[in-house]
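One structure is given below, encoded as C-alpha cells.
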Amino acid sequence: MFVKVCGLSTPESVREAVDAGADAVGFVLTASPRVVSPSQASALLAEVPERVLPIGVFRDEPVVDAVAIARAAGLEWIQLHGTRTRGDVATVHDAGMKLVRAVTLSATPEELEDWGEDLLLIDAAVPGSGEAWDYGSVAGLPALQGRSWLLAGGLDPENVGKASAAAHAWGVDVSSGVEASRGVKDLAKVRAFVHAAKAESTV
C-alpha cells in the first residue's frame, strides 16, 4: 500500500511520516491552514530521503503558476486540485515534472479517464472536509482498472484499512485525519495511520 501524508509543515512531522514508512509527503503551497511557503517547503526537503516522494499541493492556481512555485521550492512532483484539462497534464510534464491529478467523488466519467497523469487521487465530494464517504462506491470502476490511484477524504488510523479494502485502492492519502487540531499534525496519529495502512496491504 502506497501511503502519502499531506499537509506537513514542520521538520518533526516530516521525520515522523518518513520514519513510519510513508512513501510520499505533501507540502501545501496554496491557501490553507496547512500552507507553507516555497522557502519553508525547500527547508523541509532536507528531512526527506530519496525513497520518499515530496509533492507540492495546489488548488485552483493556473498550472503555469503551480509549476513555477513548485520549482522555486525544489519540488519535482505537483498535485493539482480543481478543474483541470488534459493540457494542464501536458504542461506539467513539459516542465519536466510529475503529476498527481486530484478529482472528487463527483467527477465525470471523462475526468476519471487516464489523462497521462502519473497518479490519480480520488477525494471526497468536499476536499479537505475530513468527512468519510462511501469508499466502496469507487471499487470496480472500469476507468480505474490497472491504474495507480490514491484514495483520500475522511481517512484516519481507525478506518484506513477497511476503507482502502472497500475501494480496492492502490494507495491512500491523509491530512486532517492525523491532526491534533486543524493544521497541526499529531505525530502519534501519523505513525498509527502509516502502520495501519501498511498492515492492510499485507493481509
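Overview of results
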{"quantity": "Strands (runs of 3 or more DSSP E) (entirely within region 147-203) containing at least 2 residues that are in contact with a strand residue (DSSP E or B) (Cβ under 8 Å, 6 or more places away or on another chain) and at pLDDT 95 or above", "calculated": "149-151, 171-174"}
{"quantity": "Exclusive hit being under 26 Å from residue 166 (Cα atoms), modelled with pLDDT of 90 or more and of a type in the set (Gly, Ala, Ser), set 143, 70, 90", "calculated": "143"}
{"quantity": "Cross-chain or 6+ apart pairs with Cβ under 6 Å, region 75-97 first and closer than 21 Å to residue 152 by Cα and in contact (Cβ under 8 Å) with a residue 12 or more places away in the chain, then open to solvent by 40 Å² or more (accessible area, probe 1.4 Å) and not in a loop (DSSP other than H, G, I, E, B)", "calculated": "77/53; 77/98"}
{"quantity": "Test: residue 104 is open to solvent by less than 50 Å² (accessible area, probe 1.4 Å) and either at pLDDT 95 or above or on the phi < 0 side of the Ramachandran plot (or both)", "calculated": "yes"}
{"quantity": "Spans of helices (runs of 4 or more DSSP H) in region 1-107 with at least 2 residues within 29 Å of residue 195 (Cβ to Cβ) and out of contact with any helix residue (DSSP H, G or I) (no Cβ under 7 Å at 6 or more places or on another chain)", "calculated": "38-44"}
{"quantity": "Candidates 59, 51, filtered to the one that is at negative phi and modelled with pLDDT of 95 or more", "calculated": "51"}
{"quantity": "Residue that is surrounded by the fewest Cβ atoms within 10 Å (Cβ to Cβ) [pool: residues in region 143-165 that are of a type outside the set (Gly, Ala, Ser) and within 12 Å of residue 193 (Cα to Cα)]", "calculated": "158"}
{"quantity": "In region 166-203, the residues that are in contact with a helix residue (DSSP H, G or I) (Cβ under 7 Å, 6 or more places away or on another chain), closer than 24 Å to residue 118 by Cβ and open to solvent by 40 Å² or more (accessible area, probe 1.4 Å)", "calculated": "200"}
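The values are calculated or read from the model by the stated rules, or taken from the named source; none is laboratory data. Note that the coordinates shown come from a computational prediction; the quantities given were computed from them, not determined experimentally. For neighbour counting, all protein chains shown are included, and Cβ atoms are generated from backbone atoms with ideal geometry for every residue, glycine included. Note: areas computed on protein heavy atoms with side chains; ligands, DNA, RNA excluded. Shrake-Rupley method; radii C 1.70, N 1.55, O 1.52, S 1.80 Å.
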